[in-house]
Each structure stands twice: as C-alpha cells, then as structure tokens.
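This report concerns only the one structure given below.
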Amino acid sequence: MSETMQTHPLVIGEVGPGCKKVDPIVVADNVTRTFGGLKAVDVVHVEIPRNAITALIGPNGAGKTTFFNLLTGFDKPNTGTWSFEGHSLARVPAFRVARKGMVRTFQLTKSLGRLSVLQNMLLGATKQPGENIFTALIKPLWRGREQDITAKAEDLLDRFKLLEKSSDYAASLSGGQRKLLEMARALMSDPVLIMLDEPMAGVNPALTQSLLGHVKQLKADGMSVLFVEHDMHMVRHISDWVIVMAEGRVVAEGPPDQVMNDPAVIDAYLGAHHDTDLGEMTGTIPVAAAPETATATATVPTETTAAETEREVEK
Amino acid sequence: MDWGQIFNSAAGELLSPVTAAYALAAIGIGVHFGYAGLLNFGQAGFMAIGAYAFVIPTLLFDFPLWAALLSSVFASILFAFLLGIPTLRLRADYLAIVTIASAEIVRYVVMTTGLTAITGGASGLSGFNSTFTALNPFADGSYGFGPWVFTANQLWVRVFGWSLVVLASILVFLLMRSPWGRVVKGIREDEDAVRSLGKNVYAYKMQALILGGVFGSLAGVIYVLPRSVQPTNYATTLTFFIWTMLLLGGAATILGPIVGAMIFAVLLTLSDGLIRGLISANIITFISSTQAGQVRFMIIGAVLMLLVIFRPQGIFGNKKELSFNV
C-alpha cells in the first residue's frame, strides 16, 4: 500500500492485494467470470482469514456479489479454483457448499414468506432425518430431532428478538426483521463461515446497531464472517480486515483504517466525499430531522461520528 | 323435462368414479403446485400414461390387476423423470411449457395409426376390465339409496377409486406435516434460499413431481376402469378441469382437491342438465341444445376467473398462506 513494509497479525509477510494469511479459511485462485464481453470477476488470488470479520467492499458493479455467488456455488466461474478449509469447492453445487459449513445470506432478503418464522428457522437445521421422503412418513423417526432443533431455533429467535413472532408468517415481518431472521436461520446449521451479502441494506439505524452486535457475536462464537457492505460505518466498526474490489479485481486489502485512508481507494472506490455527511455538505436541511426518526437515529450515529472525529484527531 | 332426473344424475356424480379420478389427479397437482410450486400443466398426460400403461399390459400380456397397477405407477415415474431432468433446474415456467407440450405429445402418439395394434389408435381400447371385476368382493345385487344406487360392479369401482383418493390424501397429510413437507414448501417460496440452507432442491422437486405424477397416473386408471380408453379424453381441457377443481377447493389443502372435484363434477352435470332442461321447456330460446354443452364451459371459465380474482385461496385455503403468486 505504501513504500514501507506493512505487516499485520492476520498476514504472513507484507500486507497488500492477494497477501497470504496466517490461517486462511477460503483461498481462491484465478477465479474469473465473464458475462458476454464483460469480465465481472477476475480474482488472481485472495485469502479470507479464519475467525475474523472480513468486509468485501467496492463500488457498484465491482463484482462483489458475483464473487460471492461463485464462492457459494450459486454461479459457475469460467476459470478458477477455490478451497474452503483445504477442500476444493470448484464445481460443488450450492447445497453441498452450505453443508460443508459455508452458509450465505442474500442481498435481497429471502425469507420464506408463507412459512412461519419458526418453520423458517427449522428449515435451516441439518441432520433432520424427516427430510427424507420415506422417513418423513413415520413421525417417531424424526420427532426427537425436531424437538432438539425447535429448542435451538427458539433460543436463536430469542437472541434475535424474534421469539414472540415465531408463529407468524415470515411475510408479516418488517424488512429489518427479515434480515435478522435470515441471519438467525443461517446460524441453525452452525456454520464455520457465514457470508452476509449486504446485511445492512434497507435496515433502519436502530436495528443496524443490533445487527452489528450480532455480527460481532458470531466472531466471538468462533465463526468467520465475510460480508459485502456499502455502509462504511459498519465496515469501519466491526471488520478486522477489508478487501476492496473494483472492476472484478481485488485492488487493495488491509485492516479497515489503513485501507480507508489509502487516498487511491478513497477517491476511486468510495468517492472523494465518502466521509462527509451529506447534511454537512449541503448545509442545514431542517426537513431531514423529522421528529420520529430523530429519536431513533440521534443516539447511535452521533456517537459514531464523534468517535470518528476523535480518531481523525489522533492521526 | 324431468327435473328430478337432472338433480339425481348431478348428485350421482358426487361419488362417481370419474369424480374420484378427478379428485386424485387434483391431489397430484396439489402436491406439484400447492406445496412444491411446480407448474404442471400436463396432468392429462400423466393420466393418459397411467391409463395406457395399465390397459396395454392387461390386454397384450394378461397382466393381473396388481401388476398392471404397478406398470402404471412405473410408467408415470419414468415420465416424471423424462420431464423433470431437463426442466427442474430451470425456472418454474419452463416446466409449465414442457408439461403442456408433452401431454399433447402423449395424446398424439397413442392416436398414431402406426400404433393401432398396441394403443387402438383414435378409437382407443376396451375390454380390459375383466381382471378388475374378477376381484369384486361384493355379491350381486343393488346397493345404496336415493341417487346413489349401484350394482355390485359399480360399487366396487367406486370403493376402489375413493379408497385410492383417501390413501393419497393420508399420504399427502403425513408428508406435508413432516420436515420433508417443510423443505418442499420452502422451495415453493424461494428455492435459492432453501439451496443456501444445504438442501438438494433438485432432488426434492423431482420427488414432488414423481409423487404428484403417480397420483395422476392412478387417477388415469380409475378414470378408465368403468369404461374404455379414449385418447380424445386426454386433451388439455382435462388438465384445466383439474386445475379448476384444485383452485376451487384450495391448492395447499388436504380436503380442497377432493371437495373441489366433487363440486366441479356436480356443477358440470347440473349446469348441462339445467341448460338443456330450460331449452326443452322453451324458457331459453336463443341457444340450441347442441350449443348448451359449449355454454356451460363458458360459464365455468367465467367462474374460474371470478374464483381466482376474489377467492384465490379456494374454499379451504388460508388466504394468508396461499395467494396466487407462487
């Protein structure tokens, strides 16, 4: 990133695009995906560190979600190999990828609307013998497992503050609650690596804070997290590592402060004014502070802006 | 015009083997569409496959009843694989196109003159009912009351048909309350989400397609047992009748397809009888009695549209659980 050698505890050798990690959970090589003439993804080498929160950022159309789809088997690359915990995942179908412990969520939330919240959760569980069409007919064969996973689901729903909704249809949840449900559902299978595609998109600031807490908790529980995000506050606050993509390639990576202060990354991929609040830029907009949102937003974001200002001062 | 006769024959339809066949076929597409979200517009094809795979071995190779039934089930499983392998990886719409086309292919193949020796061509097949009537456990005589008075053979075919309907309903009930049913319903909602949770979506869709197809083929058997096989019966109208019955009763329900089939069959006979009756009594003068048969289908078409607009969940359906946008 600069002339002086930079090191980091997650990395062997120098920090930079495609650098080697001490303990990588995902290693991808020469992964390319073209759509007609457009090379949407062209990743030469990238490693995702284990038991860390890694953010994948970049401008729209940088290939982040496509790369996500490729890693999880939802799309097929033109070339390339990648491995998860040392096992190759190239040409492995999506459902097998999930079974290996690499579970994803979607940018456009995919809650199963006409199933109850609890049924959504139970669907995330693994090793339910009743999912076989023949054992399904004999309830005693799957009742035990059903009780276990129901207890687990209720536990998780409690943690995500959805327990009182458990018998409601998922379609009746708000957008933010669906995001929570999708994340909770992914946790039913005890994944090793959880991949969140824009977990904060369309979530109100109060819920953002609770989502942030949940993501941090995942790491504390021993999981690795890879997420795509546009919300720079989130990236800054919770990620241990940031990978920047642009035009399909990995153009920078490093710890968040370092990456985000790289002038090239800021200007080219985050926009020159990424750190400026739009309100501040254009002067005061009295309409923006609507009374009902003011209470919800006021507490959290002011804290974060204050923290950032402090940090800027330290540097 | 004998009005009593009109109502009697309409009521008789309630328990007729044709109604049982409709109900079973509707349970089949209930599994496809109501639970798994698969758009099968070729249920008539499954019924034709079932009927011919039952009748041909009986006539040509003297298959006993159980073997002929197995042959029918086996043929529909093969047909489901044939349809499912290329299309189930694609979006639901593709299955719809392929099923509607292949049902027509089946009908044209059995009507081919080159195959007359086997399929009977356009005139169909008959004289295969002896293996079934030979197993009739009921003594000769007349059974029942009111509009439901049957001979021993009529009773036997009804008992057999409706038993299959009840067994199929129990099977669907057991499956849909199980985790298997949960996965299948999840696929109906969003198959990518279910895939991301580690379920082999393709295998589940194939299982659902086979299950509903087997019900369709057995419905085809019940359909032909009391009479002969007529290839013209298996046109797309049959498929859409069955869809109407399913939607009338409620797509993702256990009783919906059965009650829907009963109501539809009774209405079909009743409306025909009433229109003809009104024409012969000179109350309706602007249509001829030959047009009456067409008019009732217009009415049924309008009813289906009203149903879909105002009560998409059917009679038994829960509006919240099943609106139309699967």
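The values are calculated or read from the model by the stated rules, or taken from the named source; none is laboratory data. These figures come from a predicted structure and were not determined experimentally. When we count neighbours, we look across all protein chains shown, and the Cβ atoms used for this are built from the backbone with ideal geometry, even at glycine. When the accessible area is computed, the model is the full protein with side chains, heavy atoms only, and any ligands, DNA or RNA have been set aside. Shrake-Rupley method; radii C 1.70, N 1.55, O 1.52, S 1.80 Å.
Structure values in brief
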item: Any hit, the stretch B:243-252, residues being part of a loop (DSSP other than H, G, I, E, B) and surrounded by fewer than 24 Cβ atoms within 10 Å (Cβ to Cβ); result: no
item: Answer residue from the stretch A:65-75, given it is closer than 20 Å to A:K21 by Cα and either out of contact with any Phe, Trp or Tyr (no Cβ under 7 Å at 6 or more places or on another chain) or among the charged types (D, E, K, R) (or both) and is farthest from the other protein chains (Cβ to nearest Cβ) among those; result: A:F67
item: Matching residues in the stretch A:182-193 - criterion: being within 14 Å of A:L108 (Cα to Cα) and within 11 Å of chain B (Cβ to nearest Cβ); result: A:E182
item: So A:G130, is it under 11 Å from A:L181 (Cβ atoms) and at the interface with chain B (Cβ under 8 Å from one of its Cβ atoms); result: no
item: Among (1) over 16 Å from A:L56 (Cβ atoms); (2) open to solvent by 60 Å² or more (accessible area, probe 1.4 Å); (3) at pLDDT below 90, the one test that A:Y269 misses; result: (1)
item: Residue count, the stretch A:159-168 (criterion: open to solvent by 50 Å² or more (accessible area, probe 1.4 Å) and more than 24 Å from A:S224 (Cβ to Cβ)); result: 6
item: Matching option when the condition is of a type in the set (A, V, I, L, M) and without any contact (Cβ under 8 Å) to a residue 40 or more places away in the chain, among A:V97, A:V103; result: A:V97
item: Elements of type helices (runs of 4 or more DSSP H) in the stretch B:93-190, at least 2 residues being surrounded by 20 or more Cβ atoms within 10 Å (Cβ to Cβ), within 14 Å of another protein chain (Cβ to nearest Cβ) and without any contact (Cβ under 8 Å) to a residue 12 or more places away in the chain; result: B:179-189
item: Residue match in the stretch A:159-169 (condition: in contact with a Lys or Arg (Cβ under 7 Å, 6 or more places away or on another chain) and either more than 26 Å from A:I48 (Cβ to Cβ) or among the aromatic types (F, W, Y) (or both)); result: yes
item: Members of the stretch A:174-220 that are within 27 Å of A:A62 (Cα to Cα), aliphatic (A, V, I, L, M) and outside any helix (DSSP H, G or I); result: A:V192, A:L193, A:I194, A:M195, A:L196, A:M200, A:A201, A:V203
item: Flag if B:A11 is of a type in the set (G, A, S), in contact (Cβ under 8 Å) with a residue 12 or more places away in the chain and within 21 Å of B:I118 (Cα to Cα); result: no
item: The stretch A:76-100 - residue that is at the interface with chain B (Cβ under 9 Å from one of its Cβ atoms) and assigned to a loop (DSSP other than H, G, I, E, B) and, of those, least open to solvent (accessible area, probe 1.4 Å); result: A:P93
item: Any hit, the stretch A:2-13, residues being surrounded by fewer than 18 Cβ atoms within 10 Å (Cβ to Cβ), farther than 26 Å from A:E182 by Cβ, in contact with a strand residue (DSSP E or B) (Cβ under 8 Å, 6 or more places away or on another chain) and of a type in the set (S, T, Y); result: no
item: Contacts under 6 angstrom Cβ, first residue in the stretch A:140-167 being free of Cβ contacts under 8 Å to residues at least 12 places away in the same chain, partner open to solvent by less than 20 Å² (accessible area, probe 1.4 Å), 6 or more apart; result: A:L163/A:L157
item: Residue identified as over 20 Å from the mean Cα position of the chain (by Cα), open to solvent by 50 Å² or more (accessible area, probe 1.4 Å) and facing chain B (nearest Cβ under 7 Å) among A:L137, A:L141, A:L122; result: A:L137
item: Matching helices (runs of 4 or more DSSP H) fully within the stretch B:1-88 where at least 3 residues are more than 22 Å from B:S169 (Cα to Cα); result: B:3-13, B:43-61, B:65-87
item: Odd one out for A:K110 among (1) at the interface with chain B (Cβ under 7 Å from one of its Cβ atoms); (2) more than 29 Å from A:L162 (Cβ to Cβ); result: (2)
item: Positions within the stretch B:191-211 being outside any helix (DSSP H, G or I) and open to solvent by 20 Å² or more (accessible area, probe 1.4 Å), in sequence order; result: B:N200
item: Breaking point among (1) at pLDDT 95 or above; (2) closer than 22 Å to B:I77 by Cβ, for B:L65; result: (1)
item: Where A:A171 falls short, out of the listed (1) in contact with a Pro (Cβ under 8 Å, 6 or more places away or on another chain); (2) among the hydrophobic types (A, V, I, L, M, F, W, C); (3) assigned to a helix (DSSP H, G or I); (4) in contact (Cβ under 8 Å) with a residue 60 or more places away in the chain; result: (1)
item: Failed criterion for B:V214 (all others in (1) within 13 Å of chain A (Cβ to nearest Cβ); (2) under 30 Å from B:T131 (Cα atoms); (3) surrounded by fewer than 20 Cβ atoms within 10 Å (Cβ to Cβ) hold); result: (3)
item: Qualifying residues in the stretch A:144-154 (those that are more than 18 Å from B:R177 (Cβ to Cβ) and surrounded by 14 or more Cβ atoms within 10 Å (Cβ to Cβ)) - the one nearest to the other protein chains (Cβ to nearest Cβ); result: A:K152
item: Some residue of the stretch B:72-79 being open to solvent by 80 Å² or more (accessible area, probe 1.4 Å), touching a residue at least 24 places away in the same chain (Cβ under 8 Å) and not hydroxyl-bearing (S, T, Y); result: no
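To keep it simple, each residue is scored yes or no on (1) open to solvent by less than 20 Å² (accessible area, probe 1.4 Å); (2) under 19 Å from A:I48 (Cβ atoms); (3) of a type outside the set (D, E).
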{"residue": "A:Q177", "(1), (2), (3)": "no, no, yes"}
{"residue": "A:L196", "(1), (2), (3)": "yes, yes, yes"}
{"residue": "A:N204", "(1), (2), (3)": "no, no, yes"}
{"residue": "A:V215", "(1), (2), (3)": "yes, yes, yes"}
{"residue": "A:K219", "(1), (2), (3)": "no, yes, yes"}
{"residue": "A:F227", "(1), (2), (3)": "yes, yes, yes"}
{"residue": "A:E247", "(1), (2), (3)": "no, no, no"}
